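Novice: Sharing a structure with you now.
Values quoted throughout were computed directly from the atomic coordinates according to the rules given, and no laboratory measurement underlies them. Quantities reported herein were computed from a predicted structural model and do not represent experimental measurements. Reconstructed Cβ throughout: ideal geometry from the backbone, glycine too, with neighbour counts over all protein chains shown.
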Amino acid sequence: MRTAAGYQANLRVEASTPETVEDARRLYRATRDVTGMTPVGPVSGAGEEAEAFTKQSTPGFKYAEYMVHARAGNLVVKVWLAVGGTSYVSASMLAVKSLALLRAVQSAVPIV
């Protein structure tokens, strides 16, 4: 994707439903362990476990990334949103969009 100004923009949404809740817990923790992003902290009201991460980089432009992942029962959902521009998009703006997507996926996928 591209922004209106032609900068890179990316969205990734993943929903996984491992067979057991314990498998879902392991998947959730593995994502946290390998993300390489800066933890923002827990996200309340988004599942039994939920947290967010951010990252800023400059690959020739200013690139802001936000990821939120959550586990409820055996459902693990991860939303990663990244937008480039002449200035960094605020983490709070990316958070609002990411959380809306996370909640939409959670409401669409059955939990065991």
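Novice: Quick test for you: out of 15, 91, pick the one residue that is free of Cβ contacts under 8 Å to residues at least 60 places away in the same chain and not β-branched (Val, Ile, Thr). Outline the logic, then answer.
Specialist: Details: 15 fails: free of Cβ contacts under 8 Å to residues at least 60 places away in the same chain.
From the options 15, 91, the qualifying one is 91.
Novice: Cβ-Cβ below 6 Å, separation at least six or inter-chain, first residue in region 27-44 and free of Cβ contacts under 8 Å to residues at least 40 places away in the same chain and farther than 16 Å from residue 71 by Cα, second of a type in the set (D, E, K, R) and surrounded by 13 or more Cβ atoms within 10 Å (Cβ to Cβ): which pairs?
Specialist: Within 6 Å, the pairs are 37/55.
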